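Take this structure, written in structure tokens, and hold onto it; I'll ask about it next.
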Amino acid sequence: MFLDPHQQGGVVTLRVSGRWLLENLAAIELELGRLDGIRAQTLVIDTTGLEELDLSGAWALFERVRRFEQAGLKAEWRGRTPDQIRFIEHTLTVGKRPVAAAEEGLDLAEPVRSLGRWAVTQVASAKISLAFLGRICSVLGSAFTSPKRVRLAALVRHVIETGMHAVPIVSLIAFLISVIIAYMGANELRRFGAEIFVVDLVTIGVLRELGVLLTAIIVAGRSGSAFAAEIGVMKLNEEVDALHAIGTNPVEVLVIPRVLGLVIALPLLTVIADAVGLTGGGLLCYYLLDIPPAQYLARVQESIAPTTFWVGIIKAPVFAFLIAYIGTLRGMQVRESSRELGRLTTVAVVQSIFLVILADALFAVLFLELDI
């Protein structure tokens, strides 16, 4: 028996006892149905004799009590309201709070609280990023003093994957961009009879900026996302925890080969992009402006300064480090689910491209100040 109702005047005392569990729900519903004929003003629910209560039993009791309240009865709990009942009440009232808040008016303090939460989150994220950077620098320092710690096989594999496999797409983009720049420049400079300066435009633009920048952006989308996804999957499969368990530093095994591999591969890709870009510009100048290859090459040599080529190459290792750093950092932060893996992979690509463009802008200011 689960219910023992007693009525005295306008007060009905409902003594709840036994095990109100899912397995007994059919019998509980049957006894609750017998209460429909009760006529009173106050309903007192006494749960002191209750042995066990799960959410199924609590919902059945809560729903019946709510029907009595809708019928005009005043419901009271004798003693402490069961936690399950309070949980159900809280769950049902949470959804109504935004409506009430909207009716009361705009909470002016909420933007300030949101700003504070954002600031705290950013500070915590910056601390994690700096700590990870410190671990990378520490392992790199140890690798320079003890070269055996650098895993050569993994390093070569990442150079091939991030470098050689990216040559086709990098070459195609560099060729198309140089053709576009040459075509646009030719249309404008032709008005002034200065078509020869199209060669200067292509040469300086490709060697100083576009070659390395476009290559870095392509590598960020290609290799940065791959780094985050690969390490993230290893985190989900607890392979990184296994490395900790056997006494191996995951940064040394997973991060350093990727960082060094990309630092080696990106300058080489930049050289290829520069060569292909100049070739594309030369082809357009030949077919559109009737500039022969010999004259084109002579003008290329005249237009570049001794530092023009090296300005672009110097940027490549920095861009490569930023891309590998962000990709491996976000991969190491993956937790719990594949959804988090997808989110952090996207974050890695976006942040890598942003940092590459920011670093390029800082380089531009630096070279301007140095008159390079």
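The values are calculated or read from the model by the stated rules, or taken from the named source; none is laboratory data. The model shown is predicted, which means the values in this text are computed figures rather than measured ones. Virtual Cβ from ideal backbone geometry, glycine too; neighbours counted across all protein chains shown. Surface areas here come from the heavy atoms of the whole protein model, side chains and all, with no ligands, DNA or RNA. Shrake-Rupley method; radii C 1.70, N 1.55, O 1.52, S 1.80 Å.
Beyond 12 Å, what percent of the Cα pairs of the stretch 218-259 remain?
For the stretch 218-259, the share of Cα pairs beyond 12 Å comes to 63 percent.
If packing is taken as the mean number of other Cβ atoms within 10 Å per residue, what is the order of 154-165, 291-302, highest first?
So the peptides 154-165, 291-302, ranked by packing, come out 154-165, 291-302.
Right, something else. How tilted is helix 110-145 with respect to the longest principal axis of the chain? Cα atoms for both, answer in degrees (0 to 90, nearest 10).
50
Here's another thing I want to ask about it. Counting pairs of alpha carbon atoms under 8 Å apart in space and at least six apart in sequence, what relative contact order in percent does the stretch 1-70 give?
So the answer I get is 38 percent.
Per residue and in Å³, how big is the convex hull formed by the alpha-carbon atoms of the stretch 168-291?
Normalising the Cα hull of the stretch 168-291 by residue number yields 86 Å³.
Is the shape of the stretch 129-169 best called rounded, prolate or oblate, per the rule: a/c under 1.5 gives rounded, else a/b larger than b/c gives prolate, else oblate, with a ≥ b ≥ c the square roots of the Cα gyration tensor eigenvalues?
Note, shape of the stretch 129-169 comes out oblate.
Next question. For the chain, what is the relative contact order in percent, using Cα pairs closer than 8 Å and at least 6 residues apart in sequence?
Relative contact order for the chain comes out at 17 percent.
For the chain, how many pairs of lysine residues have a Cα-Cα distance under 29 Å, where the two are 8 or more positions apart or belong to different chains?
Count of close lysine pairs: 5.
Please give the per residue accessible area of the chain, computed with a probe of 1.4 Å over protein heavy atoms only, in Å².
55
Quick one: net charge around residue 344, please, counting Lys, Arg +1 and Asp, Glu -1 for every other residue with C-beta under 14 Å from its C-beta.
+2
I'd like the carbon and sulfur percentage of the solvent accessible area for the chain, probe radius 1.4 Å, heavy atoms only, ligands and nucleic acids excluded.
64
Given the Cα atoms of the chain, and with Rh set as the inverse mean 1/r over their pairs in the Kirkwood sense, what is Rg to Rh to two decimals?
Ratio value, two decimals: 1.29.
Among 127, 74, 315, determine the one that fluctuates most according to a GNM of the chain built with springs between C-alpha atoms less than 10 Å apart.
Taking springs between Cα atoms under 10 Å, the residue moving most is 74.
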